[in-house]
Amino acid sequence: MSQENVEIVRRAFAEFERGNFWVPDLFDPSVRITWLAALGPIPAQSVGLRQLSSTLTAWFESWEHVTLSAERFVDAGDTVVVIAVWHARGKASNVATEWRHGEVWTMHHGKVTELVSYSDPEEALEAAGLSE
């Protein structure tokens, strides 16, 4: 099942790289997401698809040309670690920026049940019981 988990996360990132962040069919209805503090004035955590949607909507008010690309996927059984980079441009400042970080995606029955972001990719690997 772990390779299937990696493929599900890859499908999500294929959408994120195109700028499509709304892929609810990949997430459990009660998904819990812990966001990067660098993303600005949004709640630290979203629970459920409704909160996920409202958090994304709020975040996109300040940013444009937003994409999320994966540098690496690491199979860790029921979890998938992703080393990723957010790319965006501030609407008010017109300044392009990026945030390299790590994410731990927890899967259950083919759905994402939890996603935790870490500002340091090494922290994500450690959280999944891995290290470089």
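The numbers here are math on the coordinates, done by the rules we state, and not lab data. Keep in mind it's a predicted model, so treat the numbers as computed, not measured. FYI the Cβ positions are ideal-geometry reconstructions off the backbone, even for glycines, and counts take in every protein chain you see.
Just need a number here: residues in region 85-117 that are among the charged types (D, E, K, R) and either touching a residue at least 60 places away in the same chain (Cβ under 8 Å) or under 18 Å from VAL23 (Cα atoms) (or both). Lay out the reasoning, then the answer.
Pass one, region 85-117, residues among the charged types (D, E, K, R): 89, 91, 98, 100, 103, 111, 114.
Now drop any that are not either touching a residue at least 60 places away in the same chain (Cβ under 8 Å) or under 18 Å from VAL23 (Cα atoms) (or both), which leaves 103, 111, 114.
Number satisfying all stated conditions: 3.
SER62 falls short on exactly one of the conditions (1) surrounded by 12 or more Cβ atoms within 10 Å (Cβ to Cβ); (2) under 14 Å from the mean Cα position of the chain (by Cα), and that condition is (2). Being over 18 Å from ALA128 (Cα atoms) and aromatic (Phe, Trp, Tyr), is that true of even one residue in region 29-51? Checked region 29-51: no residue is over 18 Å from ALA128 (Cα atoms) and aromatic (Phe, Trp, Tyr).
This table checks each residue for (1) in contact with a Leu (Cβ under 8 Å, 6 or more places away or on another chain); (2) buried (at least 18 other Cβ atoms within 10 Å of the Cβ); (3) aliphatic (A, V, I, L, M).
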{"position": "PRO43", "(1), (2), (3)": "no, no, no"}
{"position": "LEU49", "(1), (2), (3)": "no, no, yes"}
{"position": "LEU52", "(1), (2), (3)": "no, yes, yes"}
{"position": "ALA76", "(1), (2), (3)": "yes, yes, yes"}
{"position": "ALA92", "(1), (2), (3)": "no, no, yes"}
{"position": "GLU98", "(1), (2), (3)": "no, no, no"}
{"position": "GLY102", "(1), (2), (3)": "yes, yes, no"}
{"position": "TRP105", "(1), (2), (3)": "yes, yes, no"}
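Scanning region 2-60 for residues that are closer than 15 Å to PHE73 by Cα and without any contact (Cβ under 8 Å) to a residue 40 or more places away in the chain gives GLU7, ARG11, ALA14.
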